[in-house]
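Take a look at the structure below.
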Ligand SMILES: Cc1cc2nc3c(=O)[nH]c(=O)nc-3n(C[C@H](O)[C@H](O)[C@H](O)COP(=O)(O)OP(=O)(O)OC[C@H]3O[C@@H](n4cnc5c(N)ncnc54)[C@H](O)[C@@H]3O)c2cc1C
């Protein structure tokens, strides 16, 4: 049977003889896990609720151009290299991102105040500071690169998961069964969404119950005039935690509108969780103008609340491993339910889970509980954790 990769259009040969794995969540964690399983000859299928991959590693098209509206920068990009490497005939998917830095040292983290200059004002007195790396031409491109050849089913929100005859069966939100002989299941979605899918594993269910997420408001702001702020800046003691200029990122192309991503801080976002988007947009614009020390005439203004933005308390049981695995249920968890909220960390969480699963699914006497929790194996785990 041939499956189609939605991004590349290339056909992917399904390995029907190998364990078929369902991965729920097409963010960086789920894609990394699925890609690693695929690379090792397994047959994963990623189910993603939205109409595009990437999750919070996200970019959005607007009438004034593209915005990265979730993750802005990857700090440990070398850890992503294995997945985001280009083909010989393609440009690199991640590029270093540098911003102009003024010579005087003062004030805020990440930039020196006093001589704020945006990209257009850059002159010989300014040095370039490396912020990190970004996906090119957008963070969405990075998600596509990580997905590689993996089979990805978009607009498929999974509402239920249970075991029947030793295999996982899923049901979408409309209640339609997806019974394709899945031998294992990976949940690469935030804990609140994953909880209803863990009824077959009381251990993992208990671990996820302890996980807490915080919300975050972001503002996407377009303006035709230069605002005199650097391309990336973090603030302390302000309702705004950081700003990032799309026009200062590499590979974003020229655009008449300056596009700014403005991220509110954790406390301010929590306080304004119940406010409407228009009110929040006006408040964040007001604060942005205060930092710019000038009025900013916007031609695009859109506030968005990420309700599960950053994990505040990850599942402590996964501190050492970066993933959770119940070998008896053949259920794994990766992503920022189990590590901190960073693209490189969730990527490694997905890889680590895949690596463990390959060993576990091949072994007929898998020491599942010992490996993951440091606990004695359950009495019947050996029989249940064999495959085939
Ligand atoms: C505003 C913001 C700024 C950030 N900035 C940075 C940054 O600069 N640098 C950095 O390293 N990190 C940053 N992060 C954190 C980083 O984006 C996340 O930690 C990371 O992308 C999480 O990846 P994930 O795969 O674990 O989860 P997600 O990206 O959330 O992916 C989960 C996916 O599962 C899907 N899904 C959910 N439920 C279901 C279901 N029932 N069925 C099917 N699919 C489902 C979702 O649609 C989503 O696509 C930021 C996050 C936010 C919100």
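Please treat every number below as a calculation from the coordinates, not as lab data. Computed from a prediction, not measured in an experiment: that's the story for all the values here. Using ideal geometry, Cβ is built from the backbone for each residue, glycine included, and neighbour counts are taken over all protein chains shown.
Fewest to most neighbouring Cβ within 10 Å: what's the order for 302, 57, 334, 255?
Ranking 302, 57, 334, 255 by Cβ neighbours within 10 Å, fewest first, gives 255, 302, 57, 334.
Report relative contact order for the range 207-343 in percent, whole number only (criteria: Cα-Cα under 8 Å, sequence separation at least 6).
34 percent
May I ask you to derive the relative contact order of the range 153-264, considering only C-alpha pairs under 8 Å and at least 6 residues apart, and to give it as an integer percent?
Value for the range 153-264: 18 percent.
Dividing the alpha-carbon radius of gyration of the range 309-362 by 2.2 N^0.38 Å (N being the number of residues), what value is obtained? Could you put the intermediate results ahead of the total?
Working: Rg = 10.9 Å, N = 54, 2.2 N^0.38 = 10.0 Å.
Its radius of gyration relative to the 2.2 N^0.38 Å reference: 1.09.
Suppose each label sits 7 Å from its Cα in the direction of the beta carbon; what would the residue 225-residue 206 distance come out to in nanometres?
6.1 nm
Return the FRET efficiency for the residue pair residue 289, residue 362: r is the Cβ-Cβ distance, R0 is 56 Å, and the value is rounded to the nearest 0.05.
Given R0 = 56 Å and the Cβ-Cβ separation, E is 0.40.
Could you tell me the calculated FRET efficiency between residue 301 and residue 40, based on Cβ-Cβ distance and R0 = 41 angstrom, to the nearest 0.05?
On the way: r = 46 Å, r/R0 = 1.13.
E between residue 301 and residue 40, to the nearest 0.05, is 0.30.
On a full-extension model of 0.36 nm per residue, what is the gain between residue 173 and residue 51, subtracting their alpha-carbon distance, rounded to one decimal in nm? Kindly include the intermediate steps, with their values, before the conclusion.
Working: separation 122, 0.36 × 122 = 43.92 nm, distance 1.49 nm.
Extra length from residue 173 to residue 51 when fully extended: 42.4 nm.
Could you work out how far apart the two model spin labels at residue 199 and residue 267 are, taking each label as a point 7 Å from the Cα in the direction of the beta carbon, and quote it in nm?
Those two pseudo-labels are separated by 4.2 nm.
Label points 7 Å out from Cα along the Cβ direction at residue 130 and residue 312: separation in nm?
Label-label distance for residue 130 and residue 312, simple model: 3.5 nm.
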